[in-house]
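A.B. asks: Before anything else, here's the structure in question.
Rule-based calculations on the coordinates, nothing more; no lab input. A quick note: this is a predicted structure, and the numbers were derived from the prediction, not measured. Quick reminder, even Gly has a Cβ in these numbers, built from the backbone with ideal geometry, and neighbours come from all protein chains shown.
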Amino acid sequence: MAASLYGLIARFDTAPEIYHAAEQVRDAGYKNWDCITPFPVHGLDGAMGVRRSHVPKFSLVGGITGFCTGMSMIWYMNAYDYPLIVGGKPYFSPLFAFPVAYELTILFTAFATIAGMFILNLLPQHYHPVLKSKEIVRGLDDAFYVVIEARDPRFDLARARALLTQAGAKEISELEA
Amino acid sequence: MAHAHSDHPAPAILAEVNPAPLPRATLVENHRSLNWVTEKICGIIEAPTPKWWWIAFAVSGFLALFTVAGIAYLVSTGVGVWGHANPVNWAWDIVNFVFWIGIGHAGTLISAILCLLRQKWRTSINRAAEAMTIFAVVCAGIFPVFHVGRVWFAVLPGYLFPFPNSNAIWPQFRSPLEWDVFAVSTYGTVSVLFWYVGLIPDLAILRDRFYRSGNKVKSFFYGLFAMGWRGSNRHWSNYEMAYLILAGVSTPLVLSVHTIVSFDFAVSLLPGWHTTIFPPYFVAGAIFSGFGMVLTLMLPLRAIFRLEDLITQYHIDCMCKIVLATGTIVGYAYGMEFFIAWYGSNPYEGFAFINRAFGHYAWAYWIMIACNVITPQFFWFKKVRQNIAFVWILSIFVNVGMWFERFVIIVTSLARDFLPSSWGYYSPSAVEIFTFFGTFGVFGVLFLLFIRFLPIMPMAEIKAVMPQADPHGGHDKH
């Protein structure tokens, strides 16, 4: 049996072309589709109907965790587990703990942001039909692609091909799963 | 005439408002294509290793051995091999630490602060500048870790990181030195993360190019770190948000790091250190020295790899102007320190500054003034900024001057403290000198490995600021 169909991949040569093609695919009602671009094309999220990223939620949780970790760590170490008497100063004060808590806020935010980016993107994913195609070299270099997946409920090979042709695709080919 | 306007409404000065078309600076010269950028940057890695690279690598490696030998001798013998003695118990070790950590600041400024300010010219220099940051932090870290002598206590249970030692005593968090441990280690970690996130799309390009050219081993390793990046716009959406947030947290981070480094001095009670101007003054100085180093590194790279279309005269102008601005801030801070020493009427403070300029270390002070205050003023002139060789020489002076700034601050204040009976004169030992100059070898080795194996410019980011990237056709170009 031949490999099953993953979807259709269509090449566009310029940023304005992919922008308008994305608008047309979005308006045709497809849900499981994507654009492959060598750089983030300004405004393509809107043209594709991609919602605002959820990465900031991860960052916020990371930042709050970092700040609380810093403050509670210093309280535990210098005021609870082994109180240090230095210059008659209080065992704990949020003022002297602030610089370290501030740095840990940033440290945890950075880790949470990157973790959030990988989780939301389902990366690392070293196998993908798009990576298998020979188009990927140009897709990261200077060409722009629209991929419509066969699992989309609206997918119909002939109609998807017609839509992409009408949108101005330079070349359309089938992707194996 | 005076009442003429009451009869008729005053005519508008202009019939209609036509905003003057301000030409946008061209960031990539000669109308290059997207593919040209990929070929140019990947070509550096794919080409056979040039002969100059091996020579430079051998020289840097040899120089780095001085640091290795100096540290081995220090650890096996004791901190007495350095020239420290009462009252100067901090000297080259902390001077070199602050020098290197300051250099790192330009990389973060370019990658984070200029990103938030939408300075698009940052794109072609940010990758190499971030690499410079990371390697500078590595060189900086050597000194505080090894200046404790018994280095095993610094890292594992002990002085710096909060692990309980044998007496179950934790570090003392009221000390700025402990804040510094967290500031610098956070700075190093976040710089690596930021750099790595920027590298992901470019590593994916190299993965696919090496796969196509049949080099499966290289393709595997680049692919491993590319995380299966495939240029999906749904990924770019999260990626750009993550990049923006990283820029947003790196900005307060970079400002805090040198602020906390300055607290190491400012929170003490020593005349010449105990001043409130230190945090902004140190941050400006750090950016000043960092841009000096960026120019020192990027101008030769530009010439060797023929990158004139990507690092244009406009980029060099921008960097020179930042050196000028921050250098002038530093000059202002020097003046203001003197003013406050007089205005504050504290005899110890006043003595500390008179002694700096006219005491035993006056030679170091005037080298500092010449390099940091006078050198950048040349960048007012366009002719100077266009003379690449001269800009490069001036950038070396900036590096030298900023090293002397830290030397002047640290050593002159300590050598003449409150008790004249304990006054001394510090000079470095051969071990210190070798250890410091060796760190340039360490830096060189790391930087050469970087330009050999990683893309020295972020291809995706450069493409995104080219006219072809405009999804609305770019009405002003073509």
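A.B. asks: Could you work out [θ]222 nm for chain B from helices alone, using -39500 (n - 2.57) per DSSP H run of at least four and dividing by all its residues? Round to the nearest 500 deg cm²/dmol. Please report the intermediate quantities before stating the final value.
C.D. replies: Details: 17 runs with 305 residues, N = 478.
It comes out at -21500 deg cm²/dmol, rounded to the nearest 500.
A.B. asks: What is the ratio of the Cα radius of gyration of segment A:29-177 to 2.2 N^0.38 Å, where N is its residue count, to two decimals?
C.D. replies: Numbers: Rg = 24.9 Å, N = 149, 2.2 N^0.38 = 14.7 Å.
Cα Rg divided by the expected 2.2 N^0.38 Å: 1.69.
A.B. asks: Let me know the charge dipole size of the protein assembly as shown about its Cα centre in debye, to the nearest 20, where only the beta-carbon of Lys, Arg (+1) and Asp, Glu (-1) is charged. Spell out each step's value before the answer.
C.D. replies: On the way: 44 positive and 41 negative charges, 179 e Å.
Here the protein assembly as shown has a charge dipole of around 860 debye.
A.B. asks: Can you list the residues, at least 5 places off or on another chain, whose amide H is less than 5 Å from the amide H of A:Tyr6, using H built in the peptide plane?
C.D. replies: A:Leu175, A:Glu176, A:Ala177
A.B. asks: Mind sorting A:Glu171, A:Glu23 by how few other Cβ atoms lie within 10 Å of their own Cβ, fewest first? Intermediate results must be reported in sequence, preceding the final value.
C.D. replies: Details: A:Glu171 13, A:Glu23 16.
Fewest to most other Cβ atoms nearby, the residues stand as A:Glu171, A:Glu23.
A.B. asks: Mind listing which trypsin sites (Lys or Arg not before Pro) in segment A:51-160 are in a DSSP loop and have 15 or fewer other Cβ atoms within 10 Å? Mind dumping the intermediate values first?
C.D. replies: Numbers: sites: A:Arg51, A:Arg52, A:Lys57, A:Lys132, A:Lys134, A:Arg138, A:Arg151, A:Arg154, A:Arg159; in loops: A:Arg51, A:Arg52, A:Lys134, A:Arg151, A:Arg154.
Sparse-neighbourhood loop trypsin sites (Lys or Arg not before Pro): A:Arg51, A:Arg52, A:Lys134, A:Arg151, A:Arg154.
A.B. asks: Compute, for chain B, the length of the dipole vector about the Cα centre, with Cβ point charges of +1 (Lys, Arg) and -1 (Asp, Glu) only. Units Debye, rounded to 20. It would help to have the intermediate numbers written out before the result.
C.D. replies: Numbers: 29 positive and 24 negative charges, 255 e Å.
The dipole magnitude comes to about 1220 debye.
A.B. asks: Going by C-beta contacts inside 10 Å, put B:His472, B:His84 in order with the fewest on the left.
C.D. replies: Fewest to most other Cβ atoms nearby, the residues stand as B:His472, B:His84.
A.B. asks: Pairs A:Lys31/B:Lys463; B:Lys51/B:Lys382; A:Lys31/B:Lys40: which exceed 32 Å Cα-Cα? Can you show the working numbers first?
C.D. replies: Values: A:Lys31/B:Lys463 28 Å; B:Lys51/B:Lys382 35 Å; A:Lys31/B:Lys40 37 Å.
Table pairs above 32 Å Cα-Cα are B:Lys51/B:Lys382; A:Lys31/B:Lys40.
A.B. asks: Work from the charge dipole of chain B (Cβ charges, +1 for Lys and Arg, -1 for Asp and Glu, about the Cα centre) and give the residue of B:Asn372, B:Phe404, B:Pro50 farthest towards its positive end.
C.D. replies: Towards the positive end, the residue furthest out is B:Pro50.
A.B. asks: Between segment A:108-177 and segment B:22-39, what's the alpha-carbon centroid distance in Å?
C.D. replies: The distance from the Cα centre of segment A:108-177 to that of segment B:22-39 comes to 27 Å.
A.B. asks: Can you tell which of B:Ile277, B:Ala183, B:Asn233 lies farthest toward the positive end of the dipole of segment B:179-306, using +1 and -1 charges on the Cβ of basic and acidic side chains (Lys, Arg; Asp, Glu)?
C.D. replies: Going by the Cα projections, it comes out as B:Asn233.
A.B. asks: Rank these for me by crowding, B:Val137, A:Val100, going from fewest to most other beta carbons within 10 Å. Walk me through the numbers on the way to the answer.
C.D. replies: Numbers: B:Val137 22, A:Val100 25.
Ranking B:Val137, A:Val100 by Cβ neighbours within 10 Å, fewest first, gives B:Val137, A:Val100.
A.B. asks: Now for a different question. Per-residue mean of other chain beta-carbon atoms within 10 angstrom of the beta-carbon, peptide A:119-128? If you can, show how the numbers build up before the last one.
C.D. replies: Numbers: counts 1, 7, 12, 4, 10, 7, 5, 7, 1, 4.
The per-residue average across the peptide is 6.
A.B. asks: Here's something else I'd like to know. All other residues with a Cβ under 13 Å from the Cβ of A:Arg151 taken together, and with Lys, Arg as +1 and Asp, Glu as -1, what is their net charge?
C.D. replies: Numbers: positive: A:Lys31, A:Arg154; negative: A:Asp34, A:Glu149, A:Asp152, A:Asp156.
Around A:Arg151, the charge tally is -2.
A.B. asks: Full extension from B:Phe153 to B:Val68: what is 0.36 nm times the residue separation minus their Cα-Cα distance, to one decimal in nm?
C.D. replies: So the extension gain works out to 28.7 nm.
A.B. asks: Continuing with the same structure: How large is the helix-only mean residue ellipticity at 222 nm for chain A, computed as the sum of -39500 (n - 2.57) over DSSP H runs with n ≥ 4, divided by its residue count, in deg cm²/dmol to the nearest 500? Walk me through the numbers before you get to the answer.
C.D. replies: Working: 7 runs with 85 residues, N = 177.
Value at 222 nm, helices only, nearest 500: -15000 deg cm²/dmol.
A.B. asks: Here is a follow-up. Tabulate in residue order the Karplus-calculated ³J(HN,Hα) for segment B:55-67, using 6.51 cos²θ - 1.76 cosθ + 1.60 with θ = phi - 60°, rounded to whole Hz; enter x for Gly and Pro.
C.D. replies: 5, 4, 5, 5, 5, 4, x, 5, 4, 4, 4, 5, 5
A.B. asks: Report the calculated FRET efficiency for A:Asp156 and B:Arg306 (r = Cβ-Cβ distance, R0 = 51 Å), to the nearest 0.05.
C.D. replies: Details: r = 51 Å, r/R0 = 1.00.
In this case the efficiency is close to 0.50.
A.B. asks: Whole angstrom only: what separates the Cα centroid of segment B:289-347 from the Cα centroid of segment B:67-146?
C.D. replies: If you average the Cα positions of each part, the centres end up 17 Å apart.
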